[in-house]
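What follows is a short report on a single structure.
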Amino acid sequence: MNEINNTQENAPQGFEIKKYLFLAISYWYLFVISVTISFFVAKWVNSHAIPTYGLHSTIMLKSESNEEEVAGGLTLFSKRKNLDTQIGILSSFSLSEEAIKTLEFETSYYRDERFKTNYEIYKKSPFVVVYDTLYSQYTGLPVYVEFLNKNEVLISIEKFEVSKKIKIGQTFKYNNFKFKILHRDSVKFNNNIIGNKYFFIKNNITGVIKSYLNRMKIEVSPQGSSILWLWLVGTVPQKDADFLNKLTELYIQKGLDEKNQKAASIIEFIDKQLEGVSDSLRKTESSMQIFKQQNGTIDISNEGMLLLNRLTELGNYKIQQKNKIAYYKYLQEQLLNNDGVTTITSPSIMNINDAVLLSYLDKYSELLTEREMLDYSVKNDIPISQKLDLQISNMQKQILNHANKNIEVATKDLENINRNIAKTNKDINKLPVSERRMINIERKFNINDELYTHLLKRRMEAAITQASNKADTRILDKARAELAEKKSPDTAGNKKKGIMFGFIIPILFIVILEFFNNKIEDKSDIESRTNIPIYGTVGKNKYKSKLPVIEHPKSPISESFRAIRTNLKYILKNKENKIIVVTSSISGEGKSFISSNLASVIALSDKKTLLVGLDLRKPKLQEIFDFDNKIGVSSYLVEHATYNEIIRKTQTNNLYVAMPGMVPPNPAELIESERMNLFFEKAIKEFDYVIVDTPPIAVVTDAMLLTEIADAYLYVMRQDYSSKNVIKLIEDAKKDNNIENLGIILNDIQIKRSFDYSHGYGYGYGYGYGQGYYDESDLEEKSLLKKILTPFKNK
């Protein structure tokens, strides 16, 4: 009696894991199909995807202080070798461009695969292309090359529908294309390539550079060290290895060239100074030699020696001031004539000690380094770049102002020195002529000789530094194609993902199907939404007969009607004559089928039963019973027939039928008429049970007109057909019409056997499919195809 004593809450249930679990089991074939397809798709992806490989090279930077001393401090600039700067240089567009142009990556070579994805073969191509640099050439356009023999190829350009045979080394010309095909290695030519089809593409260099920069990653490992790892992932390991090796090679060479340039700049500056000093020294030596030849050896007096030493000291000081003026003018020239100068000779070369200038130049170096880092990563016209340019310009102005002031000071000092020299010369003029001349020659010689010796020493130091310069970066590991690690496709991973998606897709299908499925699937859908009891459930009629209770009395469906009959006995046990109204929401839910078989099963229990066809709008009983529908209830209600004329006895004992009759224009008014009440008064006196087949209440209200005379109201719902929304319609009808003994009959149920996730419908409430109780022919076994198609038919 579970159907009758339904006391569940009138609220929808939440997500039922058990329900969806058994739904998944019932759709097992979808999982098999989906997993199989997904697995083979993953396998196809693995076999057709172009593999990618990752490789790396490692370099170690030399640890340096903030200032680099070249030849004892002869140069100031040392671009700080911080990691960010070096990573910026390695990631620069210009360095990658130089590497790619050096490696001649302007052309990519492929083998034309008919059923596979074409992938680049790099140096494995049997030919190379030599372009005529006077022509722009087409970029991104495949040019097909087929070897006809060792010395002849067929050139094809599909876009232009061009095909031409040329000799190896012969020029091919078409519009903007002009090139030659040459053997990569004519000695090792393999005849097996004859007939094979290859193609090449002239690349856009900018696109190639961007591709490598996007794919290259640089990281510091271990953290805190000066070791850089350059990673690259691509489809051609050897090509990527060549790029990384060339990039690091150029990077190291540029650093070494920069250091050599610094030393060369110092040597150039010293050589310019030596030219003037050496001329003066030669003249002085010549004068001294002539003087000694004319006058012999002359001893200088003590007074003369004092004046000589004083004059020499003033001369040295004068030279220093002149050197100061020369250096500061050199500095101004460097800043004014060389935009963004990176190499300035240190003032220490001229024995100039200027702490303020050193601090200015140090700051200037820092700003230039920041500007250089910015150039590697962003455009020049952004605000931060403009700010740095302004700071550099301001620092240049400070250095120039400082140089001007020092030139003014040195000029004034030079004037004072000249006055002191003139005063000393007056004292010397008092000495004998020969001694006086000897002192002047000796003074000039000593000054020039000392300066010349100093400059030679500095030049030798710079030359030694230039000769002994070593790169600040050392390669720890070169990129090796044979050590490349395969990155994709992840063969095992793709198969796992394929299997996973093979399970996910049917699950999503089931969840979405259930989400949008508003049909009643089992009793739980009813029980969770209403307290109206379920009087019984009826299985799917697998027979051609529309009266299976008569023709197949031992079938499971017959037993379900017996169960409903038993339930109705309990409900109507205090009533002598019972009127049972059967209705539904819409047409097609099996209302007439339920009415006919319920009347039949009650009649079989030795109860005189009348089945009244009151669906006057769309009668169906004539399709079930072998009676015409010309005379029926409608005929009686319009007084065209008597009560006895419309009551017909069937071949089943105790079962009588009143057919609906012809469709009248006003069914509702006829059902409300007094003659209808008179009909039922006569019927309940003559029959034990009166079963009334009425129209669907969602279409018309005819069935609601019988609420006052009905002893029981059966509302038929059909599995996978009736909407869940009709439950509210039943609730409203019960409330508005005060219907007693309203119950639900769930029709057309298909038992899911072991996959049923609700408490079994159990035709007969516990009778089950007892062995020998039903006809064996009733338990029809489905074929595999029917099992697969049945759920879709139901939905």
Which FRET efficiency value, to the nearest 0.05, do you get for TYR174 and MET460 by plugging their Cβ-Cβ distance into 1/(1 + (r/R0)^6) with R0 = 60 Å? 0.45
Cα-Cα P(r), segment 524-588, percent of pairs per 10 Å interval: 17, 38, 38, 7
If you roll a 1.4 Å probe over the heavy atoms of the protein chains, what accessible area per residue do you get for segment 106-227, in Å²? 59
Inter-label distance, nm, simple model (7 Å from Cα along the C-beta direction), GLU219/ALA49: 2.1
Area accessible to solvent at VAL162, 1.4 Å probe radius, in Å²: 30
For ASP736, what charge total do you get from the other residues with a beta carbon under 14 Å from its beta carbon, if Lys and Arg give +1 and Asp and Glu give -1? -1
Per residue, accessible area of segment 601-676 with a 1.4 Å probe, heavy atoms of protein chains only, in Å², comes to 49
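For segment 121-221, with all protein chains present and a 1.4 Å probe, just round the carbon and sulfur fraction of the accessible area to a whole percent. Present the calculation step by step, with values, prior to reporting the outcome.
On the way: 2590 of 5610 Å².
Taking all protein chains in place, segment 121-221 shows 46 percent carbon and sulfur surface.
Using 0.36 nm per residue, how much length does the chain from GLU366 to ASP84 gain when fully extended, once their Cα-Cα distance is taken away?
On the way: separation 282, 0.36 × 282 = 101.52 nm, distance 1.36 nm.
100.2 nm is the gain from fully extending GLU366 to ASP84.
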Against the empirical 2.2 N^0.38 Å scaling, what ratio does the C-alpha Rg of segment 464-606 come to? 2.52
Which FRET efficiency, nearest 0.05, do ILE33 and SER488 yield, Cβ-Cβ r, R0 25 Å? 0.35
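Can you give the net charge of the other residues whose Cβ lies under 11 Å from the Cβ of LYS591, counting K and R as +1 and D and E as -1? Each step should come with its number before you reach the end.
Numbers: positive: LYS618, LYS620, ARG718; negative: GLU589, ASP615, ASP693.
With Lys, Arg at +1 and Asp, Glu at -1, the neighbours total 0.
Once R0 is set to 60 Å, what does the formula 1/(1 + (r/R0)^6) return for the Cβ-Cβ distance between ASN401 and GLU161, expressed as a FRET efficiency to the nearest 0.05?
Values: r = 71 Å, r/R0 = 1.18.
Efficiency, rounded to the nearest 0.05: 0.25.
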Can you pull the Rg over Rh of segment 158-236, Cα-only, Kirkwood? 1.18
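The values are calculated or read from the model by the stated rules, or taken from the named source; none is laboratory data. These figures come from a predicted structure and were not determined experimentally. Please note: Cβ atoms are built from the backbone with ideal geometry, for glycine as well, and neighbour counts cover all protein chains shown. Accessible surface is based on the protein model in full, side chains and every heavy atom, while ligands, DNA and RNA are left aside. Shrake-Rupley method; radii C 1.70, N 1.55, O 1.52, S 1.80 Å.
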